[in-house]
Amino acid sequence: MGRLLVVHHTPSPAMQEMLEAVLDGARNDEVEGVEVLVAPALAAGAADVLAADGYLLGTPANIGYMSGALKHFFDGIYYPCLEATRRRPYGLYVHGASDTTGAVRAVEAITTGLAWRQARPPVLVTGRPAPTDLESCWELGAILAAELTGPPDRYVNA
């Protein structure tokens with residue numbers, strides 16, 4: 001059974017809507033054999049990351065950067081997970097008041113260093129999430145979960 005770890009910082013109603021849509025997609029009935037684990041960014045650690053086969057990351061864009069909570073998560077897992085999690089798939093959703101560029105760039109720099117594989121372009125939302133934005137979040141969750149239905153050893157030496 002594949003394990004999808006959803007690491008999020010959800011301080012606003014918009015982020016909550018996006019998180020719920022991502023989780024609905026990841027837990028949809030069409031994808032079987034995937035356990036969805038959910039952890040706030042300030043509580044998730046290296047053991048959680050090592051036990052998962054893929055990752056969904058959610059963050060607000062704060063002052064042109066990812067949230068401090070998600071940065072804290074990456075600071076704690078980077079070196080302990082650097083070699084063991086290479087090529088694992090991940091997805092990202094970001095909410096900003098007016099811009100998400102800096103937050104995306106920061107997350108992509110770290111995930112590139114970890115050699116994680118982006119399964120789909122990030123879902124980026126500014127302002128209040130529209131129904132199409134929430135549909136994109138649902139699709140992101142479903143796609144990441146579907147990625148994990150095969151044997152996890154396919155990421156080794158890929």
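See the values below:
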| read-out | value |
| --- | --- |
| Ile63 vs. criteria at positive phi and of a type in the set (A, V, I, L, M, F, W, C) | yes |
| Criterion (closer than 22 Å to Ala130 by Cα, polar (S, T, N, Q) and in contact (Cβ under 8 Å) with a residue 24 or more places away in the chain) met by exactly one of Thr101, Thr85 | Thr101 |
| Residue identified as of a type outside the set (A, V, I, L, M), in contact with a helix residue (DSSP H, G or I) (Cβ under 7 Å, 6 or more places away or on another chain) and under 18 Å from His9 (Cβ atoms) among Cys137, Cys81 | Cys137 |
| All positions within segment 77-97 that are farther than 26 Å from Asp24 by Cα and over 16 Å from the mean Cα position of the chain (by Cα) | Tyr79, Pro80, Leu82, Glu83, Ala84 |
| Residue ID - surrounded by the most Cβ atoms within 10 Å (Cβ to Cβ), chosen from residues in segment 49-91 that are assigned to a helix (DSSP H, G or I) and charged (D, E, K, R) | Lys71 |
| Output for segment 6-48, where each listed residue is within 22 Å of Glu83 (Cβ to Cβ) and either surrounded by fewer than 23 Cβ atoms within 10 Å (Cβ to Cβ) or among the basic types (Lys, Arg) (or both) | Leu37, Ala39, Gly45, Ala46, Ala47, Asp48 |
| Filtered residues of segment 118-141 (kept if assigned to a helix (DSSP H, G or I) and closer than 13 Å to Pro89 by Cβ) | Leu140, Gly141 |
| Those residues of segment 51-82 which are small (Gly, Ala, Ser) and either touching a residue at least 60 places away in the same chain (Cβ under 8 Å) or under 22 Å from Gly96 (Cβ atoms) (or both), in sequence order | Gly54, Gly58, Ala61, Gly64, Ser67, Gly68, Ala69 |
| Test result for Leu124, of a type outside the set (Val, Ile, Thr), buried (at least 23 other Cβ atoms within 10 Å of the Cβ) and within 15 Å of the chain's Cα centre (by Cα) | no |
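Laboratory data are not the source of any read-out in this text; all were calculated from the coordinates shown. Computed from a predicted model, the values in this text were never measured in an experiment. Backbone-built Cβ (ideal geometry, glycine too); neighbour counts: all protein chains shown.
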